[in-house]
Ligand SMILES: *Cc1c(COP(=O)(O)O)cnc(C)c1O
């Protein structure tokens, strides 16, 4: 399988190289040149597979150039063995035609573990084989950083530097990052905001001259193709449990960077019967406004009760746009260049293509806490604020296309403040493996909001 850039001006790469990069050199994002597709009979034959076996079936075509069946199998089995539920991604019924796909049984209690536990192991295998070392650098407002560190903590060939805004990450999220300790793990608390952190990471990727010869930066945010790929599997897993290929479900996805829901779109392109894909957003509703008006327009960031969805632009939307414009890279390059300077309008044809599959819904903090309270009262089930946004959106879409599966993207114990705001009267407990989170020593370095200081720190703290 070859991977091409959405902007058409970068060399096509095989899986190993796409795993080891971030953005394409032309500023685009890598996508498969051609997606694998499964027939209804092939999908019917998947119905009996457990999660790791299903992952093997779905992922093999994407990675076959780089990994043998045996290698992939052992990596996948290791990856999903660290999840703390037998089913890995259990499906729970909340009401008639309403289901929740629990994606929070991984080490850091958020769906990002599905991809980052796999990514760390794939990288380790490739680096060992090549005798190379790389540097992971990422910015986080919470979930990405902890999942990335947990995914790479055992990799000797990876130094990982995660920047977070000092004092602006929740206690649980910060401790999930800073209580893991290894010589290769570096938590940098930047005296600035998330955008400052993100800007430093972007600048470092553009100019990697501060790294010693032979080292390069690898991205762990969802612009890395391997993350998207891993997420396709659980759409199949839920769809099969609800009767695929004979019955089509709809999926409601709490959305920030559009990585998770884009994986659902890919699952549909690969043959999984899917009715609707619901983009569920908080007050940071750039995609909801786009679906409503056809205009893609940045707005100032709002801090909400669902911080992992607080974004102004959804980077992975470019991957969908590429398809909405019949895979015309020139159209995408032109549009994205214009978007650097201000708002853009998508063509009517592109918007019509988008609406054949996608709906959108904006859910504010009040509706979020209301849903947490209602769901607890009705079903005795505690939703985290991100998942609650998905449930509200699924209920909004339910008149048309059931059964609805909401992706539960985080465990409620990660967001105790939002649960308290909902007034349900219970405090979600951290699972046993994290019960001592508040007793462990923390490791992080406070650095000024200064790119040169960060680069200097990194250059001097790399493993030999
Ligand atoms: C990252 C995250 C999201 C958003 O996922 P995207 O792939 O960025 O759209 C939603 N909920 C939680 C809990 C997250 O950590």
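The values are calculated or read from the model by the stated rules, or taken from the named source; none is laboratory data. This one's a predicted model, so the numbers in the text were calculated from it and none came from an experiment. Because the Cβ atoms are built from the backbone with ideal geometry, glycine has one as well, and the counts that use them run over all protein chains shown.
At-a-glance table
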{"item": "Residue 21 vs. criteria assigned to a loop (DSSP other than H, G, I, E, B), modelled with pLDDT under 95 and out of contact with any helix residue (DSSP H, G or I) (no Cβ under 8 Å at 6 or more places or on another chain)", "result": "yes"}
{"item": "Candidates 172, 126, 220, 233, filtered to the one that is within 16 Å of the ligand (Cβ to nearest atom), touching a residue at least 24 places away in the same chain (Cβ under 8 Å) and surrounded by fewer than 22 Cβ atoms within 10 Å (Cβ to Cβ)", "result": "172"}
{"item": "Residue in the stretch 393-402 that is touching a residue at least 40 places away in the same chain (Cβ under 8 Å), touching a helix residue (DSSP H, G or I) at 6+ places or on another chain (Cβ under 8 Å) and under 25 Å from residue 141 (Cβ atoms) present", "result": "no"}
{"item": "Tally of residues being without any contact (Cβ under 8 Å) to a residue 60 or more places away in the chain, within 15 Å of the ligand (Cβ to nearest atom) and not in a loop (DSSP other than H, G, I, E, B) across the stretch 294-315", "result": "0"}
{"item": "Index of the failed condition, residue 235 passing every other in (1) assigned to a strand (DSSP E or B); (2) within 17 Å of residue 387 (Cβ to Cβ)", "result": "(1)"}
{"item": "Condition met for residue 256 (in a loop (DSSP other than H, G, I, E, B), within 14 Å of the ligand (Cβ to nearest atom) and under 24 Å from residue 91 (Cβ atoms))", "result": "yes"}
{"item": "Top-ranked residue in the stretch 131-143 [being at negative phi and within 12 Å of the ligand (Cβ to nearest atom); ranked as modelled with the highest pLDDT]", "result": "140"}
{"item": "Long-range neighbours under 6 Å by Cβ, at least six apart or interchain, first residue touching a residue at least 60 places away in the same chain (Cβ under 8 Å) within the stretch 103-115, second more than 9 Å from the ligand (Cβ to nearest atom) and in a helix (DSSP H, G or I)", "result": "107/113; 107/150; 108/146; 108/150; 108/176; 114/230; 115/230"}
{"item": "Residue identified as closer than 15 Å to residue 59 by Cβ and surrounded by 19 or more Cβ atoms within 10 Å (Cβ to Cβ) among 19, 23, 35, 29", "result": "19"}
{"item": "Leading residue by the ranking (surrounded by the fewest Cβ atoms within 10 Å (Cβ to Cβ)) among those in the stretch 195-205 that are farther than 16 Å from residue 166 by Cβ and at pLDDT 90 or above", "result": "203"}
{"item": "Residue match in the stretch 144-163 (condition: free of Cβ contacts under 8 Å to residues at least 40 places away in the same chain, within 16 Å of the ligand (Cβ to nearest atom) and either more than 21 Å from the chain's Cα centre (by Cα) or more than 30 Å from residue 86 (Cα to Cα) (or both))", "result": "yes"}
{"item": "The stretch 296-315, subset within 17 Å of residue 388 (Cα to Cα) and surrounded by fewer than 21 Cβ atoms within 10 Å (Cβ to Cβ), residue nearest to the chain's Cα centre (by Cα)", "result": "310"}
{"item": "Tally of residues being more than 22 Å from the chain's Cα centre (by Cα) and either within 30 Å of residue 147 (Cα to Cα) or not in a helix (DSSP H, G or I) (or both) across the stretch 316-334", "result": "4"}
{"item": "Any hit, the stretch 260-283, residues being more than 16 Å from the ligand (Cβ to nearest atom), under 18 Å from residue 31 (Cβ atoms) and part of a helix (DSSP H, G or I)", "result": "yes"}
{"item": "Where residue 391 falls short, out of the listed (1) more than 14 Å from the ligand (Cβ to nearest atom); (2) in contact with a strand residue (DSSP E or B) (Cβ under 7 Å, 6 or more places away or on another chain)", "result": "(1)"}
{"item": "Single condition residue 287 does not satisfy, out of (1) assigned to a helix (DSSP H, G or I); (2) under 18 Å from residue 100 (Cα atoms)", "result": "(2)"}
{"item": "Residues that are out of contact with any helix residue (DSSP H, G or I) (no Cβ under 9 Å at 6 or more places or on another chain), in contact (Cβ under 8 Å) with a residue 12 or more places away in the chain and surrounded by 13 or more Cβ atoms within 10 Å (Cβ to Cβ), drawn from the stretch 316-338", "result": "333"}
